[in-house]
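Undergrad: Let me begin by handing over the structure; questions about it come next.
The values are calculated or read from the model by the stated rules, or taken from the named source; none is laboratory data. Only a predicted model underlies this, so the values are computations on that prediction, with no experimental measurement involved. When we count neighbours, we look across all protein chains shown, and the Cβ atoms used for this are built from the backbone with ideal geometry, even at glycine. Remember, those area values only see protein heavy atoms, side chains included, never the ligands or the DNA or RNA. Shrake-Rupley method; radii C 1.70, N 1.55, O 1.52, S 1.80 Å.
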Protein chains: 2
Amino acid sequence: MGKTEITAEPGIPQIVTEREFEAPRDLVFRAYTDPDLIVRWLGPRDLTMRWDRHEPRDGGRWRYVSVDPAGHEHGFHGVFHGAPSVDGGIVQTFEYEGVPGHVALETVTFTEADGRTLVRSVSGFQSVEDRDGMIASGAEYGVRESSERLEELLADLQGR
Amino acid sequence: MGKTEITAEPGIPQIVTEREFEAPRDLVFRAYTDPDLIVRWLGPRDLTMRWDRHEPRDGGRWRYVSVDPAGHEHGFHGVFHGAPSVDGGIVQTFEYEGVPGHVALETVTFTEADGRTLVRSVSGFQSVEDRDGMIASGAEYGVRESSERLEELLADLQGR
């Protein structure tokens, strides 16, 4: 099983995550861009993900809502810079509606080698304080659990 | 006359610029968001700016073309995250088409005090290399000359 590497260097307003998946990159890309698949892996297991909007084109908007066991809703939204593509990856803005006015730029790239796909994600924040706030909110836990769920989904989609 | 402060710390993928203008912030905001005004100050004096697209709304796209004295065209484009507003500022992505695939997130805020307006701009790049490439391309010169031209425009608009 792959391992998720999360890098958040002191003083640098970025979070970089990397993980290799046992799947061709077309399939991994589909898991990142098909809303019906995204809701099956994005976020911690105890939350339910609901897509509200998904417009995968230049200037298209996206929004999803994460519902916790108590029924509280947490909204996230952003816009796509360029159309997502296997080769060019996904470039999108990201804002958590619980703390409005703090925006990040997310870049996700997909690199295949020997039938495995390395997914690299760079989240650039407007300040180190914003980055540290995101980490303090428990984002690392969410990222790790999401990666595990994605690995399980990819195995399922490949009939393993 | 105000002075433009440009900060680009080693190892941090950001450029922060600040400058105070002798004008109320509504007017400064208009200079930043009305294409007819933008073309009068954005960019170095020896280039001609031409707006190609300007959709100031959430997910709206913008594109401008800078034409040098030899007639070469340099395109830039991006998308707006949220609608630009005096209070919330402007949050937009930015890509220079001469070096495609490198995207920055720009945040411009307007703060008024005593009839003067502080404009603060934070450009967050995907990597320090991208940031350094932008500086090497002569961006600092462009920023300083743009600020001077904006100051002149604001004086003109106020009949000074």
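Undergrad: Condition test on A:Arg40, is it of a type in the set (Lys, Arg) and farther than 30 Å from B:Gln14 by Cα?
TA: Yes, satisfied.
Undergrad: Please verify whether A:Ala83 is open to solvent by less than 30 Å² (accessible area, probe 1.4 Å) and either in contact (Cβ under 8 Å) with a residue 24 or more places away in the chain or within 20 Å of B:Val91 (Cβ to Cβ) (or both), treating the condition exactly as stated.
TA: no
Undergrad: Being in contact (Cβ under 8 Å) with a residue 12 or more places away in the chain and either within 15 Å of B:Asp58 (Cα to Cα) or more than 9 Å from every other protein chain (Cβ to nearest Cβ) (or both) is true for just one of A:Ala113, A:Ala139, A:Ala70. Which residue is that?
TA: Only one candidate passes the filter, namely A:Ala139.
Undergrad: Since B:Ala31 meets every condition but one in (1) in contact with an Asp or Glu (Cβ under 6 Å, 6 or more places away or on another chain); (2) open to solvent by less than 40 Å² (accessible area, probe 1.4 Å); (3) not acidic (Asp, Glu), which condition does it not meet?
TA: (1)
Undergrad: Here is a follow-up. Can you find a residue in the range A:31-47 that is within 14 Å of chain B (Cβ to nearest Cβ) and in contact with a Gly (Cβ under 8 Å, 6 or more places away or on another chain)?
TA: Among the residues of the range A:31-47, not one is within 14 Å of chain B (Cβ to nearest Cβ) and in contact with a Gly (Cβ under 8 Å, 6 or more places away or on another chain), which makes the answer no.
Undergrad: Here is a further query. Every residue in the range A:104-145 that is within 27 Å of B:Phe94 (Cβ to Cβ), touching a helix residue (DSSP H, G or I) at 6+ places or on another chain (Cβ under 8 Å) and open to solvent by 40 Å² or more (accessible area, probe 1.4 Å), please.
TA: The one that is within 27 Å of B:Phe94 (Cβ to Cβ), touching a helix residue (DSSP H, G or I) at 6+ places or on another chain (Cβ under 8 Å) and open to solvent by 40 Å² or more (accessible area, probe 1.4 Å): A:Thr111.
Undergrad: Considering the range A:35-66 alone, what residues qualify as being open to solvent by 30 Å² or more (accessible area, probe 1.4 Å) and of a type in the set (Val, Ile, Thr)?
TA: Correct list: A:Val39, A:Thr48.
Undergrad: Here's another thing I want to ask about it. State whether one or more residues within the range B:96-103 are in contact with a strand residue (DSSP E or B) (Cβ under 6 Å, 6 or more places away or on another chain), touching a residue at least 24 places away in the same chain (Cβ under 8 Å), surrounded by 14 or more Cβ atoms within 10 Å (Cβ to Cβ) and farther than 18 Å from B:Gln14 by Cβ.
TA: Scanning the range B:96-103, I find no residue that is in contact with a strand residue (DSSP E or B) (Cβ under 6 Å, 6 or more places away or on another chain), touching a residue at least 24 places away in the same chain (Cβ under 8 Å), surrounded by 14 or more Cβ atoms within 10 Å (Cβ to Cβ) and farther than 18 Å from B:Gln14 by Cβ, so the answer is no.
Residues checked against (1) away from chain A (no Cβ under 14 Å); (2) among the charged types (D, E, K, R); (3) more than 15 Å from the chain's Cα centre (by Cα):
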| residue | (1), (2), (3) |
| --- | --- |
| B:Thr107 | no, no, no |
| B:Ser146 | yes, no, no |
| B:Leu150 | yes, no, no |
| B:Leu157 | yes, no, yes |
